[in-house]
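Here the structure comes first, spelled out in structure tokens, and everything after it is commentary.
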Amino acid sequence: MDNIVDFSKSHNMKAYNIKAKDIIVEERVYLKCAYGCKDFGKRLNCPPNCISIDKFKTILSEYDNAVILLQEYRTSSKENMIDAWEDARREAFRTMMEVEKFAFNSGFTFAHLLRPGSCNECQVCEEKCSKPSLRRFSPEAVGVNLDKTLKNVNIIIDYSDYSVINLIGILLLE
Ligand code: SF4
């Protein structure tokens, strides 16, 4: 797995090997999606259009390892934070997909990315996903408590610098 960490770092991302059992999944994370996020029910990678928290718990139990991916996106040159957030997660997602592809080609045939945020590969989601090969749900969409998970594996993120957006993904590995 060290080669995956090295590959991520060479693509301007921080990467941390963790055990899959250290990923904390809680039912209450659903509240953050259902009551507060504008993309709930609209994006096809978001609840209730993605797999359930229960289903994800079962899937997660079949993995031993994972990599936390972190990309820091600087917004200082951006005036509009909404545009910056759109650009940041699109850019981070595409880089993280390169890592997923690299992992697959390295022999991790069940490598699967949990992407940062809701999908914005298209202007809107129609009834069916128009780019199914790019459809990945976020950690939060399947109940991952990211804050607790990061603390659990001693990853500290400085949220005090508002000119930086921290994009976090999880790559499941097997
Ligand atoms: S690829 Fe397009 S249609 Fe599919 S989930 Fe993403 S934004 Fe929606």
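Just so it is clear, none of the values below were taken in a lab; they were calculated from the coordinates. Keep in mind the model is a prediction, meaning the values are calculated, not measured. Neighbour counts run over all protein chains shown; Cβ positions are idealised from the backbone, glycine included.
Data table
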| read-out | value |
| --- | --- |
| GNM flexibility winner over the chain from E127, E26, E86 (Cα, springs under 10 Å) | E127 |
| Expected 222 nm ellipticity per residue - DSSP helices of 4 or more, -39500 (n - 2.57), all of the chain, to 500 | -9500 deg cm²/dmol |
| Equivalent ellipsoid, the stretch 2-173 (semi-axes from 5 times Cα gyration tensor eigenvalues, Å) | 22, 20, 17 |
| Long-range amide H partners of V25 with built H, under 5 Å | N145 |
| Top positive-direction residue, dipole computed over the stretch 94-174 with Cβ charges, set C125, G107, T149 | G107 |
| Cα centre as origin, Lys/Arg/Asp/Glu Cβ charges: the chain dipole, Debye | 260 |
| The stretch 49-102, dipole about Cα centre (Lys/Arg Cβ +1, Asp/Glu Cβ -1), debye to the nearest 20 | 60 |
| Span from the the stretch 104-124 Cα centroid across to the the stretch 1-77 one, whole angstrom | 10 |
| Protection proxy ranking of 149-160, 112-123 - average other beta-carbon atoms within 10 Å, highest first | 112-123, 149-160 |
| Relative contact order (%) - the chain, alpha-carbon pairs under 8 angstrom, separation at least six | 37 |
